[in-house]
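Let me begin by presenting the structure, written as structure tokens, before commenting on it.
The values are calculated or read from the model by the stated rules, or taken from the named source; none is laboratory data. Nothing here was measured: the structure is a model prediction, and the numbers come from that model. For neighbour counting, all protein chains shown are included, and Cβ atoms are generated from backbone atoms with ideal geometry for every residue, glycine included. Accessible surface is based on the protein model in full, side chains and every heavy atom, while ligands, DNA and RNA are left aside. Shrake-Rupley method; radii C 1.70, N 1.55, O 1.52, S 1.80 Å.
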Amino acid sequence: MWAFILKRLLVALGVALTISVLSFSLLQISGDLAIAIGGPEATAEQVEQIRQEFGLDRPLIQQFGAWLWNAAQFDFGRSYYYQSSVMELVAERLPVTLTLGFLSLAIAICVSIPLGVAAALKRGSWIDRVAMAIAVTGQAMPNFWFGLTLIIVFAVNLQWFPAAGSESWKGYVLPAIALGYYATPAMMRLTRSGMLEVLQSDYIRTARAKGLSTTSVVFKHALRNAVIPVVALAAVELGFMLGGSVVIETVFSLRGLGHLAWSAISRNDYPVVQAVVLIIALFYIVLTLLADILNAALDPRLRTR
Amino acid sequence: MPDSTTPLATRTSPRLRSPFASLSARLPRHRTLLLGITITGLLVLIALLAPWLAPHDPYAQSTANRMIPPVWHAAGSWEHMLGTDRLGRDYLSRLLYGARISLFIGLLAAFISGLIGTTLGVLAGYFGGRVDAVVSYILTTRLALPVVLVALALASLTGGSLIMVTLLLGLLLWDRFTVVARSATVQLRDAEYVQAAQALGASLPYILLREILPNIAPALIVVATLEVANAILLEATLSFLGMGIQPPLPSWGLMIAEGKAYMFFQPWVIAIPGAALFMLVLAINLLGDGLRDISAPGGRDE
């Protein structure tokens, strides 16, 4: 088990390093950094001075080394637009995105697991069809359009929730539904197929033959095993949702990481963009690592892979 | 079918009794697949015939005819069946031309990502070992990248032309092709007819392209279908956020973005392009899911 964890940890570190190279490249191809830092009024001499001051005249590999050293200490330089440190901006916005991510995940779990279990137990029934319909429409629904529709119905017409902002918990309800719906189909399909598989297995047949009640068989024996891969998928989906937050946060004007990244992209503020890309990727890497370890801890067959 | 110089083993192998033959036998009984094929076909036809179907020029502005509601509203008229946008352009005509953009980007992006993903997957599956390790490393790295964010940043840097957006999506969406191509190839690697071809000294490209590829094609077609839908959704997202297709092109995502300011009083401006997008993606997904169901040996769930 420890060998497995060590191996996965090394892969995760390697991937994180590769992503940081890509993230650094994103900053490099965004244009001449000295000119960007100097701003539109800087003279040629000032630009040259900035180039030396920030070490932008050094070879790329040295610049990358310096950048990585700083990035490892969560120092991503200064934003061109805000003139404050990128990390301050990120730290300020991160709680909003994490709240949104966890709420969305909670909604997705509360919808997908019961529905997936019910669909598997009553295979072919109306509830199975409803579940499939939710899965199929969920995959086809453009999430920004779904978000706008939620705003029109629940914020403008019914006035139950605000259309934008994160001042109170109410502001998170609609965005979390919009983002959670996005993760529901995959988790529900996995719960359903996992349940179907487990229900046909020998140990469930044994449990049934012993005369245990259906409730006991389903909840004590089947669900526990069927839900393992779903928990792992949930971790991965959380990573995806942090990435997808850029769309939903923009639709709902929630001032989180995604919103920050989107506005930074439209302002050519690439120090911010590369930091957000890297941070969201790191979250994803850690979450998938945890999911892998969790899966392997619960299912020893996976460790040899 | 291979020509007469191919080893006998390939010809007598039951696997090569075209995988598509069993599909056509099961097709008529699959209702959602038929629905998917019908709607997708209809929308492709609409996209192809847009210049003849559109009642107006999709780019013609008219200040006198701004924000006319669709025909089912009291103020609507048959002249502009789905109304006009804020620049007085005919909404139906823009919608019809928009189908071309979505389908063009979806198909071409899926083709590019299919090439990249299949190549990586087949190589990883066939050679295994170190090649497999490298490919799986590249795949893991790609999966860790937040796609929407990276696509937004790169589209913004490259200016968001139709070709650029398509290329970007193609370069980002190959992961599922790799996963499926790899596992399908692993299953075939030790098949008798592949071993026979190896024993008879067939070249590597021959084995990969003539023995492996045709037999993993059905699985890849399923992925390709779903990836077309995926690319269409992502293009709409990029265009909605202002970094994808640029005005005045009638991308559906862009139409939703342009209508956003008016949606509180005239919800149809976002409802119409959104519904079109939803329908197209839903139809393609039904098509893909259906193909997967009938191409799996035991059918659904088994």
Item to check | Matching residues in region A:234-248 - criterion: being in contact (Cβ under 8 Å) with a residue 40 or more places away in the chain and within 11 Å of chain B (Cβ to nearest Cβ) | outcome: A:236, A:239, A:240, A:241, A:242, A:243, A:244, A:245, A:247, A:248
Next on the checklist: Condition first: away from chain B (no Cβ under 11 Å) and buried (at least 18 other Cβ atoms within 10 Å of the Cβ). Now tell me which residues in region A:25-46 satisfy that.
Outcome noted: A:33, A:34, A:36, A:37, A:38
Checklist entry - Among the residues of region B:79-107, which ones are assigned to a loop (DSSP other than H, G, I, E, B), charged (D, E, K, R) and either open to solvent by 30 Å² or more (accessible area, probe 1.4 Å) or under 30 Å from residue B:224 (Cβ atoms) (or both)? => result B:79, B:86
Checklist entry - Within region B:119-126, is there a residue that is open to solvent by 10 Å² or more (accessible area, probe 1.4 Å), among the hydrophobic types (A, V, I, L, M, F, W, C), farther than 17 Å from residue B:227 by Cβ and assigned to a helix (DSSP H, G or I)? => result yes
Next on the checklist: Taking the conditions exactly as written (touching a Pro at 6+ places or on another chain (Cβ under 9 Å) and either in contact (Cβ under 8 Å) with a residue 12 or more places away in the chain or under 24 Å from residue B:287 (Cβ atoms) (or both)), does residue B:246 satisfy them or not?
Outcome noted: no
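Quick test for you: out of A:135, A:108, A:176, A:119, pick the one residue that is in contact with a Leu (Cβ under 7 Å, 6 or more places away or on another chain) and open to solvent by less than 30 Å² (accessible area, probe 1.4 Å).
Details: A:135 fails: in contact with a Leu (Cβ under 7 Å, 6 or more places away or on another chain); A:108 fails: in contact with a Leu (Cβ under 7 Å, 6 or more places away or on another chain); A:119 fails: in contact with a Leu (Cβ under 7 Å, 6 or more places away or on another chain).
None of the others qualify; the one that does is A:176.
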Checklist entry - Hey, any hits in region A:184-206 for a residue that's within 14 Å of chain B (Cβ to nearest Cβ), over 21 Å from residue A:104 (Cα atoms) and open to solvent by 60 Å² or more (accessible area, probe 1.4 Å)? => result yes
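Out of curiosity, is residue B:208 assigned to a helix (DSSP H, G or I) and either crowded, with 24+ Cβ neighbours inside 10 Å or touching a Lys or Arg at 6+ places or on another chain (Cβ under 6 Å) (or both)? I'd like the intermediate steps shown before the answer.
Numbers: assigned to a helix (DSSP H, G or I): yes; either crowded, with 24+ Cβ neighbours inside 10 Å or touching a Lys or Arg at 6+ places or on another chain (Cβ under 6 Å) (or both): no.
Against the criterion (assigned to a helix (DSSP H, G or I) and either crowded, with 24+ Cβ neighbours inside 10 Å or touching a Lys or Arg at 6+ places or on another chain (Cβ under 6 Å) (or both)), residue B:208 does not qualify.
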Checklist outcome for this item: Among residues of region B:146-194 being within 14 Å of chain A (Cβ to nearest Cβ), open to solvent by 40 Å² or more (accessible area, probe 1.4 Å) and more than 16 Å from residue B:125 (Cα to Cα), the residue modelled with the lowest pLDDT is B:159
Checklist entry - Looking at this structure, is residue B:224 under 21 Å from the mean Cα position of the chain (by Cα), open to solvent by 10 Å² or more (accessible area, probe 1.4 Å), away from every other protein chain (no Cβ under 12 Å) and not polar (S, T, N, Q)? => result yes
Checklist entry - Which residue pairs have Cβ atoms closer than 7 Å, lie 6 or more positions apart in sequence or on different chains, and pair a first residue in region A:1-21 that is within 21 Å of residue A:64 (Cβ to Cβ) with a second residue that is open to solvent by 20 Å² or more (accessible area, probe 1.4 Å) and among the polar types (S, T, N, Q)? => result A:15/B:140
Checklist outcome for this item: From the option list A:116, A:165, A:194, single residue qualifying as in the same structural domain as residue A:224 (by TED's automatic domain parsing), within 18 Å of residue A:245 (Cβ to Cβ) and of a type outside the set (A, V, I, L, M) is A:165
Next on the checklist: If a residue must be open to solvent by less than 20 Å² (accessible area, probe 1.4 Å), more than 10 Å from every other protein chain (Cβ to nearest Cβ) and under 20 Å from residue A:262 (Cβ atoms), how many such residues does region B:240-263 contain?
Outcome noted: 5
Next on the checklist: Just to be sure I understand, how many residues within region A:84-131 are among the charged types (D, E, K, R), in a helix (DSSP H, G or I) and within 22 Å of residue A:188 (Cα to Cα)?
Outcome noted: 2
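May I ask you to list the residues in region A:132-180 that are of a type in the set (Phe, Trp, Tyr), touching a residue at least 24 places away in the same chain (Cβ under 8 Å) and either away from every other protein chain (no Cβ under 11 Å) or in a loop (DSSP other than H, G, I, E, B) (or both)? So that I can check it myself, show each step before the final result.
Looking only at region A:132-180, we keep the residues that are of a type in the set (Phe, Trp, Tyr), and these are A:144-146, A:154, A:160-161, A:169, A:172.
Filter again for touching a residue at least 24 places away in the same chain (Cβ under 8 Å), leaving A:144, A:146, A:172.
Selection gives A:172 alone.
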Checklist entry - For region A:198-224, which residues satisfy the criterion of being within 24 Å of residue A:294 (Cβ to Cβ) and either part of a loop (DSSP other than H, G, I, E, B) or touching a Ser or Thr at 6+ places or on another chain (Cβ under 8 Å) (or both)? => result A:201
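Within region A:64-80, identify whether any single residue is polar (S, T, N, Q), more than 14 Å from chain B (Cβ to nearest Cβ) and more than 27 Å from the chain's Cα centre (by Cα), and answer yes or no. Give the steps one after another, and end with the answer.
Taking region A:64-80 and keeping what is polar (S, T, N, Q), we get A:70, A:73, A:79.
Next cut, more than 14 Å from chain B (Cβ to nearest Cβ) only: A:70, A:73, A:79.
Next, only the ones that are more than 27 Å from the chain's Cα centre (by Cα) stay: none.
Checked against the condition, which is being polar (S, T, N, Q), more than 14 Å from chain B (Cβ to nearest Cβ) and more than 27 Å from the chain's Cα centre (by Cα), region A:64-80 yields no hits at all.
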Item to check | Single residue of B:100, B:89, B:94 found to be basic (Lys, Arg) and within 30 Å of residue A:179 (Cβ to Cβ) | outcome: B:94
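Take the residues of region A:245-262 that are polar (S, T, N, Q) and open to solvent by 10 Å² or more (accessible area, probe 1.4 Å): which is farthest from residue A:35 (Cα to Cα)? Even if it seems obvious, please write down each step before you answer.
Within region A:245-262, the first condition is being polar (S, T, N, Q), and the residues that meet it are A:245, A:250, A:253.
Narrowing further to those that are open to solvent by 10 Å² or more (accessible area, probe 1.4 Å): A:250, A:253.
Working: A:250: 29, A:253: 31 Å.
So the residue we want is A:253.
For (1) more than 21 Å from residue B:231 (Cα to Cα); (2) out of contact with any helix residue (DSSP H, G or I) (no Cβ under 7 Å at 6 or more places or on another chain); (3) acidic (Asp, Glu); (4) at pLDDT 90 or above, each residue gets a yes or a no:
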residue	(1), (2), (3), (4)
A:116	yes, no, no, yes
A:119	yes, no, no, yes
A:122	yes, no, no, no
A:140	no, no, no, yes
A:144	no, no, no, yes
